[in-house]
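*Asks:* The structure's right below; bear with me while I get my questions together.
Each reported figure results from applying straightforward, stated rules to the coordinates on display, with no laboratory input. The structure presented is a predicted model; accordingly, all values stated were derived computationally and were not measured. So basically every Cβ, Gly included, is an ideal-geometry build from the backbone, and we count neighbours across all protein chains shown.
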Amino acid sequence: MKVVTGDKDIIQPENLVYKRSSILTDKQFSYCPGCGHGTAHRILAEVIEEEGLQPVTVGVCPVGCSVLMYDFLDIDMQEAAHGRAPALATAIKRLLPDRFVFTYQGDGDLAAIGTAETLHACNRGENILIIFINNGIYGMTGGQMAPTTIPGMVSTTSPYGRDVKTMGNPLKITELVAMLPGTCYVTRQSVHTPAAVRKTKKAIKKAVEYQKRNMGTCFIEIVSNCPSGWRMTPVEANKWMEENMFKFYQPGDLKVPPEEPEKSKDDNE
Amino acid sequence: MEKELRLMKGNEAIAEAAIRAGVDAYFGYPITPQSEILEYLMEANPYEKTGMVVLQAESEPAAINMVYGGAACGKKVMTTSSSPGISLMQEGISYIAGAELPCLIVNVVRGGPGLGTIQPSQSDYFQACKGGGHGDYHLLVLAPASVQEMADFVELAFDLAFKYRNPVMILSDGAIGQMMEKVYLKPYREREKTLPEWATTGKPPTRERNIITSLNLDPYLHEKHNQKIQAKYREMEKNEVRFEEFQTEDAEYLFVAYGTSARVCQKAVQLARTEGIKAGLIRPITLYPFPSVRINELAGKMKHIISVEMSAGQMVEDVRLAVNGQTEVTHFGRMGGVIPTPEEVLEDLKSKI
Ligand SMILES: Cc1ncc(C[n+]2csc(CCOP(=O)(O)OP(=O)(O)O)c2C)c(N)n1
Ligand code: SF4
Ligand SMILES: [Mg+2]
């Protein structure tokens with residue numbers, strides 16, 4: 001065994017436990033410190049790399065803080081109008097059925113202006129993956145109330161807290177989507193702890209597999225934070241998320257495909 | 001293979017021509033007076049024959065954004081609608097122009113504003129030719145005046161769309177969409193197998209990643225992008241102006257009219273000639289780019305020019321710009337879905353003599 005005498009000696013290929021995904025470009029993330037978007041990007045990049053999907057991936061990024069996602073991932077991408085990503089993805093997948101197609105959308109994008117596109121793509125059972133970053137707020141435009149802002153939560157357009165009597169109720173769109181026959185896998189995850197990151201990454205890997213088998217729409221909600229919009233430090237934001245967001249948006253699977261779908265498919269033939 | 005002769009509605013001709021032109025996908029939402037296009041395509045089921053995807057979208061915004069997604073894959077993709085639906089598509093059309101994507105949008109125009117009427121109209125000229133959505137952009141606009149041109153312009157539209165990486169609009173109206181005429185159909189053309197190098201199809205190791213976006217946070221870069229697309233419009237203005245003239249050689253009075261109005265004016269010219277009035281017609285086939293140069297040349301010889309449109313007078317502004325004060329230009333038209341008769345047009349002409 002080699003005797004370790006200094007830093008240089010530790011940096012050996014056999015000692016490598018973590019490396020930056022080759023799918024991430026050199027461009028520095030534009031996200032605020034502690035924001036969940038960066039972590040979500042990173043694990044998506046890792047899955048694309050580990051599954052060898054770069055040559056077959058077409059991603060769609062939204063209007064929202066992640067609008068510049070194409071700067072950070074070394075894959076082919078389309079930038080969509082606010083809320084319309086599932087419509088783009090529908091056409092991409094229909095025209096290039098053997099590609100891995102995903103959308104990555106914020107809560108304002110997916111659950112307010114894009115509600116129709118989201119529900120109908122899911123209801124048609126488009127063979128795409130929808131990654132839904134729910135931070136309960138409009139991050140990009142400076143912290144306005146989102147369709148997902150929880151009751152009592154303060155935002156710049158609900159400065160005294162969300163009053164559901166006048167401002168309406170938060171929309172649990174993931175629960176809605178899980179009811180639709182077109183979805184095959186609907187899950188709610190988070191990326192605020194190493195354990196949560198591992199689970200979310202596993203969920204993305206499952207979705208890749210289901211898409212390969214043309215099983216229908218996969219929908220992964222990532223309950224996330226927005227330290228800037230929430231006016232909190234990153235640590236406070238994650239704590240607040242656990243204590244408040246998770247009560248309303250409980251993490252876990254909402255819908256999983258029946259066991260061994262490949263086998264049952266063969267049986268039908 | 002021989003050309004095939006059929007009796008068809010304008011809407012059906014567009015649908016059949018799209019299949020034959022090797023279009024990759026159609027996304028649409030029903031609206032009168034053009035629902036036959038989607039119905040025809042669903043019945044023809046071209047996916048089985050050519051692989052063409054046909055999908056009924058949940059709305060016009062969804063349809064135009066499906067067009068964006070498909071066009072960004074380098075595919076030949078189209079949608080069709082009528083006035084209220086086209087209004088809903090404007091955000092998407094602006095994104096498509098901004099991202100420089102080729103596609104075909106057909107507007108079978110009905111009378112507005114609002115829900116208006118389902119009868120034919122030409123009141124969407126401004127929307128089609130002056131941008132329509134936000135930002136500085138143009139569609140290349142083709143105006144068919146017959147069922148034959150409804151069919152022929154599909155292939156032409158895609159050729160132009162891919163040549164300039166710009167959306168093309170066929171600006172038709174309810175009359176041309178609904179009327180039946182004989183039409184020669186071209187033989188089936190295979191769908192394109194090779195995709196343009198800018199298409200988002202998955203990044204192979206042999207090239208950089210492809211990104212389709214209309215976003216530029218740096219205003220100076222974005223100004224450059226705007227200059228680039230403006231340069232394309234100047235090229236179109238140089239190369240793509242199309243028009244047709246009818247009895248202009250000795251004319252002293254000129255009608256300018258497109259689409260259904262041009263058909264009415266052709267008859268009005270004949271009626272005028274039987275009464276010894278030397279009338280002629282210029283029919284713009286491209287509304288953008290507009291045949292300004294030719295109208296300017298003709299204007300010097302004319303005692304009066306009338307822009308005949310089924311609207312309150314929209315194209316007349318472009319005619320006046322082209323004429324540049326050489327002679328008087330007025331507008332004649334009916335609104336709200338009413339088609340003027342040749343006799344009415346002739347009466348208006350006589351009132352100017
Ligand atoms: C048609 C349209 N309306 C409004 C906007 C302004 N806008 C940009 S991002 C955004 C909200 C984004 O919030 P969300 O989807 O939750 O993403 P986040 O930034 O929180 O990740 C809005 C309203 C826009 N770009 N386009
Ligand atoms: S504004 Fe919020 S969502 Fe956007 S980058 Fe900053 S922390 Fe993240
Ligand atoms: Mg948000």
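*Asks:* At a Förster radius of 45 Å, what calculated FRET efficiency corresponds to the Cβ-Cβ distance of B:SER59 and B:GLU249, to the nearest 0.05? Could the numbers behind the result be given before it?
*Replies:* Details: r = 50 Å, r/R0 = 1.11.
Step by step, r from the Cβ atoms, then E = 0.35.
*Asks:* Okay, moving on. Of B:LEU349, B:THR117, B:ALA25, whose Cα points farthest to the positive end of the dipole of chain B (charges on the beta-carbon: +1 Lys, Arg; -1 Asp, Glu; origin at the Cα centre)?
*Replies:* Projecting each Cα onto the dipole axis, the largest value belongs to B:ALA25.
*Asks:* Share of antiparallel DSSP beta bridges in segment B:244-352, in percent to the nearest 5? Provide the component values of the computation, followed by the final result.
*Replies:* Details: 3 of 16 bridges.
Percent antiparallel among DSSP bridges in segment B:244-352 is about 20.
*Asks:* Under 13 Å from the 7 Å Cα→Cβ point of A:ALA195, by amide nitrogen: which residues of segment A:31-45?
*Replies:* No residue qualifies, since no backbone N sits under 13 Å from the label point.
*Asks:* Just to verify a number: FRET efficiency for B:GLU43 and B:LEU195, C-beta to C-beta distance, R0 = 22 Å, to 0.05?
*Replies:* Details: r = 29 Å, r/R0 = 1.31.
Step by step, r from the Cβ atoms, then E = 0.15.
*Asks:* Any idea what the dipole of segment B:244-352 comes to, in debye rounded to 20, about its Cα centre with Lys/Arg Cβ at +1 and Asp/Glu Cβ at -1? Walk me through the numbers before you get to the answer.
*Replies:* On the way: 12 positive and 15 negative charges, 8 e Å.
With Lys and Arg at +1 and Asp and Glu at -1, about 40 debye.
*Asks:* For A:116-122, what's the mean count of beta carbons from other chains sitting within 10 Å of each residue's beta carbon?
*Replies:* Values: counts 5, 7, 0, 1, 4, 3, 0.
Per-residue shielding by partner chains comes out at 3.
*Asks:* Still on this structure: Explain nothing, just compute: Karplus ³J(HN,Hα) = 6.51 cos²θ - 1.76 cosθ + 1.60, θ = phi - 60°, for every residue of segment B:154-170 in order, whole Hz, x for Gly and Pro.
*Replies:* 4, 5, 4, 4, 5, 4, 5, 4, 6, 4, 9, 6, 8, x, 10, 10, 9
*Asks:* Output the antiparallel fraction of DSSP beta bridges having both residues in chain B, as a percent to the nearest 5.
*Replies:* 30 percent
*Asks:* Can you check what the net charge comes to around B:LEU217, using other residues whose Cβ is under 14 Å from the Cβ of B:LEU217 (Lys, Arg +1; Asp, Glu -1)?
*Replies:* Numbers: positive: A:LYS27, B:LYS224; negative: A:ASP71, A:GLU79, B:ASP218, B:GLU223.
Net local charge, B:LEU217 excluded: -2.
*Asks:* If you plug each phi of segment A:53-60 into the Karplus form 6.51 cos²θ - 1.76 cosθ + 1.60 with θ = phi - 60°, what whole-Hz ³J(HN,Hα) values come out, in order, with x for Gly and Pro?
*Replies:* Going residue by residue, I get 8, 3, x, 10, 9, 10, x, 10 Hz, with x marking Gly and Pro.
*Asks:* Which of the lysines could be linked to B:LYS3 by a straight reach, that is with a Cα gap under 22 Å, when you skip same-chain ones fewer than 8 residues away?
*Replies:* Straight-distance partners of B:LYS3: B:LYS49, B:LYS182, B:LYS186.
*Asks:* As a check on your grasp of the helix formula, calculate [θ] at 222 nm for chain B: sum -39500 (n - 2.57) over DSSP H runs of n ≥ 4, divide by the residue count, round to the nearest 500.
*Replies:* Values: 14 runs with 143 residues, N = 353.
Value at 222 nm, helices only: -12000 deg cm²/dmol.
*Asks:* Does segment B:232-297 come out rounded, prolate or oblate by the C-alpha gyration tensor, with a ≥ b ≥ c the root eigenvalues, rounded set by a/c under 1.5 and, if not, prolate when a/b is larger than b/c and oblate if not?
*Replies:* Prolate, since a/c reaches 1.5 and a/b exceeds b/c.
*Asks:* Moving to a separate point now. Note down the net charge around A:GLY152, summing +1 for each Lys or Arg and -1 for each Asp or Glu among other residues with Cβ under 11 Å from its Cβ. Let's see the in-between values first.
*Replies:* Values: positive: A:ARG162; negative: A:ASP163.
Local net charge: 0.
*Asks:* Could I ask something else about it? Which net charge results for the neighbourhood of B:GLU190, defined as the other residues with beta-carbon distances under 12 angstrom from its beta-carbon, given Lys and Arg at +1 and Asp and Glu at -1?
*Replies:* Working: positive: B:ARG20, B:LYS49, B:LYS76, B:ARG189, B:ARG191, B:LYS193; negative: B:ASP24, B:GLU192.
After counting each charged neighbour, the total is +4.
*Asks:* Compute the Cα gyration tensor for segment B:205-255, then decide on rounded, prolate or oblate, letting a ≥ b ≥ c be the square roots of its eigenvalues: rounded whenever a/c is under 1.5, prolate when a/b is larger than b/c in the other cases, and oblate in all that remain. Before the final figure, lay out each step's value.
*Replies:* Numbers: a/c = 5.24, a/b = 2.74, b/c = 1.91.
The shape class here is prolate.
*Asks:* A further question on this structure: Between B:ILE212 and residues 5 or more places away or on another chain, which pairs have amide H atoms under 5 Å apart, with H built 1.01 Å from N, and which residues are they?
*Replies:* Amide H to amide H, under 5 Å and 5 or more residues apart or across chains, B:ILE212 pairs with A:MET77, A:GLN78, A:GLU79.
*Asks:* Looking at the protein assembly as shown, I'd like the Rg to Rh ratio, where Rg is from alpha-carbon atoms and Rh is Kirkwood's inverse mean 1/r.
*Replies:* 1.06
*Asks:* Hey, what do the phi angles of segment A:174-180 turn into as Karplus ³J(HN,Hα) couplings, whole Hz, using 6.51/-1.76/1.60 and θ = phi - 60°, x for Gly and Pro?
*Replies:* 5, 4, 4, 4, 5, 7, 7
*Asks:* Of all beta bridges DSSP finds with both residues in segment A:125-240, what is the antiparallel percent, to the nearest 5? Working shown, then result.
*Replies:* Details: 3 of 16 bridges.
Once the DSSP bridges in segment A:125-240 are tallied, antiparallel ones form about 20 percent.
*Asks:* Would you mind telling me which residue in B:SER87, B:SER123, B:SER172 has the biggest mean-square fluctuation in a Gaussian network model of chain B, where springs connect alpha carbons within a distance under 10 angstrom?
*Replies:* B:SER87
*Asks:* Here's another thing I want to ask about it. Rank by packing, highest mean first: peptides A:200-210, B:134-144, with packing defined as the count of other Cβ atoms within 10 Å averaged across residues.
*Replies:* Values: A:200-210: 20.0, B:134-144: 22.3.
In descending order of packing, they fall as B:134-144, A:200-210.
*Asks:* Could I ask something else about it? Per-residue ellipticity at 222 nm for chain A, helices alone: DSSP H runs ≥ 4 residues times -39500 (n - 2.57), over residue total, nearest 500 deg cm²/dmol? Write down the numbers at each step before the final one.
*Replies:* Working: 11 runs with 92 residues, N = 269.
Counting only the DSSP helices, I get -9500 deg cm²/dmol.
*Asks:* Now, a different point. Using a Förster distance of 41 Å, how high is the FRET efficiency between A:SER22 and A:GLN250, based on the Cβ-Cβ distance and rounded to 0.05? List each step's numbers first, then the result.
*Replies:* Numbers: r = 35 Å, r/R0 = 0.86.
Computed FRET efficiency for A:SER22 and A:GLN250 comes out at 0.70.
*Asks:* Next up: Would you mind calculating the relative contact order of segment B:244-352 from Cα pairs under 8 angstrom and at least 6 residues apart, reporting the percent as a whole number? If you can, show how the numbers build up before the last one.
*Replies:* On the way: 196 pairs, mean separation 32.5, N = 109.
Once normalised by length, the contact order is 30 percent.
*Asks:* A further question follows. Which entries of A:LYS202/A:LYS247; B:LYS301/B:LYS350; A:LYS19/B:LYS76; B:LYS130/B:LYS238 show an alpha-carbon separation above 29 angstrom in the structure shown?
*Replies:* Values: A:LYS202/A:LYS247 23 Å; B:LYS301/B:LYS350 18 Å; A:LYS19/B:LYS76 41 Å; B:LYS130/B:LYS238 18 Å.
Pairs exceeding the cut-off: A:LYS19/B:LYS76.
*Asks:* Is there a quick way to get the dipole size of chain A? I mean about its Cα centre, with the Cβ of Lys and Arg at +1 and of Asp and Glu at -1; what is the value in debye to the nearest 20? Walk me through the numbers on the way to the answer.
*Replies:* Working: 29 positive and 31 negative charges, 93 e Å.
Using only the charged Cβ atoms, the result is roughly 440 debye.
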